[in-house]
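Structure record follows, encoded as structure tokens.
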Amino acid sequence: MRIPYRLVGGFKGLLFVAAVAIIAGVMLYTDRTVSELRESSRRHLTLKIERFKMLFLKGDDAELDLYLQEMAAKDFPLIVADSAGNPMSWSGLPDLERLPNELAQARARSYQHEWVGQGNPPVMLEIPEYGLKYYYYYGDSNQIRRLRMMPWVEVAVVGGLVLIGYLGFVSIKKSEERSVWVGMARETAHQLGTPLSSLLGWVELLNERPDDPELRREIVRDLERLRIVADRFNRIGSRAPLEQQKLRPIVDNAVAYISRRLPQSLENKVATEIRLADNLEAPVDKTLLVWVLENLLKNGVEALKGEGGTITVTGAQRGRRVSLDVADDGCGIPRQEWRNIFRPGYTTKERGWGLGLSLARRIITDVHGGKIFVLNSSPDEGTTIRVQLSV
């Protein structure tokens, strides 16, 4: 479904807010999980130190050696420091093994400060019977370090997806804008071309029959048509106030215009029916509503595929809304295309430019505050398009 241009800014904002919410949620969840894992590591280390203390006091050297080997196989780095905080030994830090002793000591102290700053305070081992007091400094396990990286990975992924979505949306929007401009240019040429071609023909005849009053009436009619076309395009971008109008003359005007311009092959094959009360009224822009109806009637004629048929315009008031239904018994529209037909650039005709119905939607929704949609349609059974206007 085409997104109205007035909602583009809101869509961008919603996209940004959604991305920020996802990233914030991931970061909060990850931070909570990391805190729980760190607390679990601290409890695990505390239990191991208590076990070590028990074995030490027991004096079982063989079992103590096995236990120290087991402690060295843990999955997080560890530094053992004396009561003053000076590092004495370490494990899980292969980079310290390659440094001279002084540099290794300095690097170990920096690790101690870093780990405490991360929220890993040291665990104390104290054996008063022997006057021993040590501090066990521990860093994050490999699992926690990977988990801490996940938010940034997810930020990159979500940011990439948002960027791809945004670029895709901008591309679609630009494509629609190009379709609108190209379609508008062609529609202008088409709208102006018909009366101009007629005028050229009348001018040639006028040279032969300068006093023919019928020629003069036709010239005046085509000049009026040019004025109407110019007025329509002028009103598209303006906000003229709506005026209470009877709808029957507007419908009659549109039907008469399309009837006069039927191809010769269809002149006696297309019947038009108007089922509309004379007193049916609504606040409308008469000039633009006639344009909408002309587009709907023209599409109805084209849907007949040169075979002939009937086009019916029905009007009725339902509560606070007036509906105008334009129905044909032509080729119909597949259900999955009902929304697409109002998109700029959408057309099934070889030489079409897909602007008529998109302009009709803009006129009805933006100018009149109403709705236009496919009421029903079936292949080879015809289509009914409804225009709803507020009373």
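The values are calculated or read from the model by the stated rules, or taken from the named source; none is laboratory data. For clarity, every value in this text was computed on a predicted model and none was experimentally measured. Neighbour counts are summed over all protein chains in view; Cβ atoms, including those assigned to glycine, are modelled from backbone coordinates with ideal geometry.
Tabulated data
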item: Matching residues, region 94-120, being in contact (Cβ under 8 Å) with a residue 12 or more places away in the chain and closer than 13 Å to R38 by Cα; result: W115, V116, Q118, G119, N120
item: Identity of the residue in region 137-167, in the same structural domain as P121 (by TED's automatic domain parsing) and of a type in the set (S, T, Y), that ends up modelled with the highest pLDDT; result: Y137
item: All strands (runs of 3 or more DSSP E) inside region 226-313 with 2 or more residues being over 20 Å from D366 (Cβ atoms); result: 270-275
item: Any hit, region 91-104, residues being modelled with pLDDT of 75 or more and closer than 12 Å to Y136 by Cα; result: yes
item: Every pair of residues 6+ apart whose Cβ atoms lie under 9 Å, when the first sits in region 247-262 and is charged (D, E, K, R) while the second is part of a helix (DSSP H, G or I); result: R261/T194; R261/K298
item: Residues (in a helix (DSSP H, G or I), of a type in the set (A, V, I, L, M, F, W, C) and buried (at least 16 other Cβ atoms within 10 Å of the Cβ)) located in region 96-144; result: L96, A104, A108, W115, I144
